[in-house]
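Below is one structure, written out as structure tokens, with a few remarks after it.
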Amino acid sequence: MKALSRIIAGISLVVLVSVLSTGGCSDNKKKPDREEFLNPVIIHSQNGVIDEVFDVIFSENEVNGKSFVSATYNGTYVPPVLSVKRGDTIHLRVNNSVDQMTNVHYHGMNISPLSPSDDIFIMITPSSSFDYTVNIPDDHPQGMFYYHSHLFGLTEYQIMGGLSGGLIVEGILDPFPQLDGITRQVMYLKDVQIKNGEVPAEGDIDPSGPTNFTVNGQTNPVLRIRPGETQFWTLMNIGADLYYDLELEGHTFYEIERDGNRRNQTVEYEDMLLPTSSRAGVLVQGGEPGVYRLRAKKFNTGPQGDNYGGATLLTMIVEGDPVLDPIELPIPEAEFPVVENLCEMPVQRDRDIVFSETADGNTFFINGREFDPSRVDTVVEIGGLERWRVQNTSGELHVFHIHLTDFQVCEINGVPQPFIGSQDTINIPYEGQDPDFEGPGEAVIVIDFRNPVIEGKAVYHCHIGEHEDNGMMAVFQACLPGTCPPEAE
């Protein structure tokens, strides 16, 4: 009943929001009426606990005036944000009422992979339930994470249908008193393909095909900001396949967080690339009065990959009384907490990880193997750092992601990268993309395996849903010294 009441409340809120004329155009042209931007519902922990029930059901939803049926949590394409603090616990019962297996992964979280926590090998069969208990460590990174289906072979289909939502560990803004009380906007960036009133079945989704770009399930809503006002936007690419190459007309993104990790300085972008599963916490400051578009630009993933058109994600209107004393941006580097430079620290092991695929682009490999959940591909001894060279021998981009921990990017195609902090997702260039770099595209990263909470089995993979569902995933086992099994030959 608690979940149902929230759904009804959310529907009522949408109905009550008036559809307002945008007005205030810098070119004096009146824009058409459209919806006001709405944040997702946010569920906050109470007394250190979130206790929720997610019913996975097939439900009818609507995007851009088009109705479709898909698998959702509690019947909504835009599931809630789960907001926790360090030391909290999430109790989540998942009732599976669809005719497919499913599960839940807590993306980016530095938590236990052992059941009933973030065990992605769990398969919740139709007409059954599973009770997740996720303990958030007292020293957990603060920022934006998310939850989503991670059932091998069905990940792309289930995420596109709606099985992905936000998860916040509060406190990312704590070091910056000047940001206290500013408006925070949470933006789910997701697209959905609709064919004959439903999401195409697994294997029939074409990332290059016609799709519907949404922000929190809305199509180009209006977001308002005052001249000189600073807002904190959390931009979350939690869709199935697509990259988002973002541009906010006439404005700069001031990034202070990436993938649930606070940066060690403000990173400024005129356009910002978010590969699949990337999240960015950015400060946006309203400029001159007028109308500005947040755009996802056209994107091509390579000669062997996909090519999809762009879209206007939302329209930002700068209007109202100017802020008399705007927050100074960028935030000075001296105000950021110290972050370890992993690229300068000794490592306990070097590894080469190779992403590849067949010429027809239908089967994908890591180190020449398709995913096998029963095989341990990589054994990691807890207690140190490892340096991985992740190579891409194919003719399209891939998105490297590893569960349970984070990494720092040291080099891309032989070019040292600036030290700005850690992340959990990185774009890997394709072979031949850089004419000045011979051989496969590559990124050199240093991964932090020092946290004993990660003991157990998890995976690393390409986070493009189509690719991981077709083999581009591998199992790693993190073990305490003296307890490690042999790796697969």
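The values are calculated or read from the model by the stated rules, or taken from the named source; none is laboratory data. Model, not experiment: these values are computed from the prediction. Backbone-built Cβ (ideal geometry, glycine too); neighbour counts: all protein chains shown. Please note that ligands, DNA and RNA were not included when accessible areas were found on the heavy atoms of the full protein model with its side chains. Shrake-Rupley method; radii C 1.70, N 1.55, O 1.52, S 1.80 Å.
Quick rundown of the values:
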item: Ratio of Rg to Rh over the chain (Cα coordinates, Kirkwood Rh, two decimals); result: 0.94
item: Convex hull of Cα atoms in segment 289-358, direction-averaged projection (nm²); result: 10.5 nm²
item: Average accessible area per residue (Å²) across the chain - probe 1.4 Å, nucleic acids and ligands excluded; result: 39 Å²
item: In segment 147-198, the GluC sites (Glu not before Pro) that fall in loop regions by DSSP, at most 16 other Cβ within 10 Å; result: Glu170
item: Integer Hz, Karplus 6.51/-1.76/1.60 couplings in order for segment 276-287, x for Gly and Pro; result: 3, 5, 6, 10, 9, x, 10, 8, 10, 10, x, x
item: Farthest toward positive dipole pole in segment 369-443 [+1 Lys/Arg, -1 Asp/Glu at C-beta], among Gly421, Leu397, Pro435; result: Gly421
item: More than 15 Å apart - percent of Cα-Cα pairs taken over segment 263-308; result: 64 percent
item: Positive minus negative residues near Arg351 (Lys, Arg vs Asp, Glu; Cβ under 13 Å); result: -4
item: Hz values of 3J(HN,Hα) by residue in segment 242-254 - Karplus curve (6.51, -1.76, 1.60), Gly and Pro given as x; result: 7, 7, 10, 9, 9, 9, 10, 3, x, 9, 10, 8, 9
item: Rounded FRET efficiency, nearest 0.05, which uses the C-beta distance separating Glu35 from Asp321 and R0 of 30 Å; result: 0.80
item: Cross-link pairs Lys195/Lys297; Lys85/Lys297; Lys298/Lys457; Lys297/Lys457 - those with Cα-Cα distance over 28 Å; result: Lys85/Lys297; Lys298/Lys457; Lys297/Lys457
item: Space enclosed by the convex hull of the alpha-carbon atoms of segment 170-301, per residue, Å³; result: 130 Å³
item: Sum of -39500 (n - 2.57) over DSSP H runs of 4+, divided by residues of the chain (222 nm, nearest 500); result: -1500 deg cm²/dmol
item: Alpha-carbon radius of gyration plus Dmax, which is the widest Cα pair, for segment 47-123 in Å; result: 14.4, 42
item: The chain - share of DSSP beta bridges that are antiparallel (%, nearest 5); result: 75 percent
item: Order by protection proxy (mean Cβ within 10 Å, highest first), peptides 357-364, 87-94; result: 87-94, 357-364
item: Inverse mean reciprocal Cα-Cα distance (Kirkwood Rh) of segment 369-489, Å; result: 15.2 Å
item: Three-way shape label, segment 220-371, alpha-carbon gyration tensor, a/c 1.5; result: oblate
item: Accessible carbon and sulfur surface of the chain relative to its total accessible area, %, 1.4 Å; result: 49 percent
item: Built amide H within the under 5 Å cut-off of Leu223, gap 5+; result: Phe37, Thr315, Met316, Ile317
item: J(HN,Hα) series, segment 345-352, from Karplus relation 6.51 cos²θ - 1.76 cosθ + 1.60, nearest Hz, glycine and proline x; result: 9, x, 10, 8, 6, 10, 9, 10
item: Extension gain from Ser208 to Ser128, taking 0.36 nm per residue of separation minus the Cα-Cα distance; result: 25.3 nm
item: Simple label model, 7 Å out from Cα along Cβ direction - Leu114 to Glu268, nm; result: 4.9 nm
